[in-house]
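The structure appears below as structure tokens.
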Amino acid sequence: MRRSMTCHSVFLALPLLVASACSNEASDDEVGATATESESGSESESTTDSSSTDSTDTTDSTDSSDSTDSTTDTTDSTDTTTTDTTDTGGEFTLTSPAYVEGGAIPLGNSCYGDNLSPQLDWVDAPLDALSFAVFFEDLTINFSHSAIFDIPAAAIGLPADVDKQAMPADVPGATQPRSYANNFGYAGPCPGNPHTYQFTVYAIDVANLAEIDQNSSLGQVKAALANHAIGQASLSGEFSPP
């Protein structure tokens, strides 16, 4: 109100100066208002941007934290699963110090020599095996030679020259049926020309095979082993007569 009245009074006395003064004051007011609006707008935008930035940063931080937690949880789950499912056993394997896989069977393990059974060793058998059995056969003519079963679960092999008895003293608890040569226990290669032979060790699901005994045929023994086996390993060799 004061500014308006001043302009009106001056206008009556000095028209040109009043008009100029009023115009200048109006311009100053408009500039001041514009500047105020500009500053207010800038502060508002700055506040908005700052809030938006803070909100975004908070969201990003939360997402990052969640992501990290999720990754950590996943890692922990993976580690636990891996530990729980780790398999400490290897492949069930049968070997002998007498010859390697596919090698020549020594003369002493045949009917041309002392006809002694070779030492056999096995590793990484199924952990739930309750007994073992070993079957020896001629692969060339599909002919059974000898067998031994009800070998205790704690065994990790057979000694060389197992006693030729139905209940061998050097393999306590085991039973041997008659071989193709009609003796209890081992009967080695005795071909007229080169043949391939194989020892097979069976991991058995029972401690004693009740359906067979020392009087069972080799065919009956082989069928029982196939019915109760939960794992097997083999060792083959070649034999040529002298």
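All of the numbers you see were taken from the coordinates with simple rules; none came from a lab. Source: prediction; values computed, not measured. Because the Cβ atoms are built from the backbone with ideal geometry, glycine has one as well, and the counts that use them run over all protein chains shown.
If we count every other residue with Cβ under 14 angstrom of Ala224's Cβ, Lys/Arg +1 and Asp/Glu -1, where does the sum land?
Here the charged neighbours net out to -3.
Summing Lys, Arg as +1 and Asp, Glu as -1, what charge do residues with Cβ under 12 Å from the Cβ of Lys164 carry, Lys164 excluded?
So the surrounding residues net to -3.
Could you pull out every residue, at least 5 positions away or on a different chain, whose amide H is within less than 5 Å of the one on Ser110? Hs are placed 1.01 Å off N in the peptide plane, and Pro or chain starts have none.
Residues meeting the criterion, in which the H sits 1.01 Å from N, are Asn115, Leu116.
Could the peptides 129-138, 169-178, 198-207 be put in order, highest first, of the mean number of other beta-carbon atoms found within 10 Å of their residues?
Values: 129-138: 22.0, 169-178: 17.8, 198-207: 20.4.
Ranking the peptides 129-138, 169-178, 198-207 by packing returns 129-138, 198-207, 169-178.
Under a Cβ-Cβ cut-off of 14 Å, what is the net charge of the residues other than Thr95 that fall near it, where Lys and Arg count +1 and Asp and Glu count -1?
Details: positive: none; negative: Glu91, Glu101, Asp121, Asp124.
With Lys, Arg at +1 and Asp, Glu at -1, the neighbours total -4.
Scan around His145 for amide H atoms under 5 Å from its own, H built in the peptide plane at 1.01 Å from N, and keep only partners 5 or more places away or cross-chain.
Phe136, Glu137, Asp138
Could you give the distance between the Cα centres of segment 121-174 and segment 93-114, to the whole Å?
About 15 Å separates the Cα centre of segment 121-174 from the one of segment 93-114.
Tell me, what is a quarter of the convex hull surface for the C-alpha atoms of segment 94-242, in nm² with one decimal?
Averaged projected hull area, Cα only: 7.7 nm².
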